[in-house]
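Down below is the structure, laid out as structure tokens.
The values are calculated or read from the model by the stated rules, or taken from the named source; none is laboratory data. Please read all numbers here as calculations on a predicted model, not as lab measurements. A quick note on method: Cβ atoms are made from the backbone with ideal geometry, for glycine too, and the neighbour counts reach across all protein chains shown. For accessibility, only protein heavy atoms count, side chains too; no ligands or nucleic acids. Shrake-Rupley method; radii C 1.70, N 1.55, O 1.52, S 1.80 Å.
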Amino acid sequence: QVQLVESGGGLVQAGGSLRLSCAVSGRGFSSHALGWFRQAPGKEREFVAAVSRNNGDTYEADSVKGRFTISRDNAKTTVYLQMNSLKPEDTAVYYCAARVGRLMTAEGLYDYWGQGTQVTVSS
């Protein structure tokens, strides 16, 4: 079993930055690909970014490419999402997720989920 706990959300003005963290506990951290997803009010949850097991590959959604960066620290069993140049449309609950195997973008392919952290970007 894997547990994920997000932190780092909050209120920020447009153009600002936040770094989300997701502490992962349980077995086999290095065998899991990790992803960030978000859900805005009234919308479906959507893929944001993911990182492969060995940190060699990352993939970001077009809507955040060039602004958000995902990374992982296998020694600390933590995955991060650095968010720069934030926009009001980035307002959402952000979730981290883990799956055994390769990096994927479909949320249905992730096995474990955190409880989410709220990010609010004011204009």
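Figures for the structure shown
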{"item": "Selected residue [aromatic (Phe, Trp, Tyr) and in contact with a helix residue (DSSP H, G or I) (Cβ under 8 Å, 6 or more places away or on another chain)] from Phe68, Phe37, Phe29", "result": "Phe37"}
{"item": "Residue match in region 26-36 (condition: open to solvent by 40 Å² or more (accessible area, probe 1.4 Å), out of contact with any Pro (no Cβ under 9 Å at 6 or more places or on another chain) and modelled with pLDDT of 95 or more)", "result": "no"}
{"item": "Complete set of residues in region 94-119 that are in contact with an Asp or Glu (Cβ under 9 Å, 6 or more places away or on another chain) and assigned to a strand (DSSP E or B)", "result": "Tyr94, Tyr95, Cys96, Ala97, Ala98, Arg99, Val100, Trp113, Thr117, Val119"}
{"item": "Residue identified as open to solvent by less than 40 Å² (accessible area, probe 1.4 Å) and outside any strand (DSSP E or B) among Val64, Val79", "result": "Val64"}
{"item": "Checking Asn74 against (1) open to solvent by less than 50 Å² (accessible area, probe 1.4 Å); (2) touching a helix residue (DSSP H, G or I) at 6+ places or on another chain (Cβ under 6 Å), the condition it does not meet", "result": "(1)"}
{"item": "Which listed residue is without any contact (Cβ under 8 Å) to a residue 12 or more places away in the chain and acidic (Asp, Glu), from Glu60, Glu44", "result": "Glu44"}
{"item": "Checklist (1) among the acidic types (Asp, Glu); (2) assigned to a strand (DSSP E or B); (3) surrounded by fewer than 22 Cβ atoms within 10 Å (Cβ to Cβ) applied to Glu6, failing item", "result": "(3)"}
{"item": "Enumeration of residues in region 26-48 that are in a strand (DSSP E or B) and more than 12 Å from the chain's Cα centre (by Cα)", "result": "Gly26, His32"}
{"item": "Answer residue from region 89-120, given it is open to solvent by less than 10 Å² (accessible area, probe 1.4 Å) and not small (Gly, Ala, Ser) and is nearest to the chain's Cα centre (by Cα) among those", "result": "Cys96"}
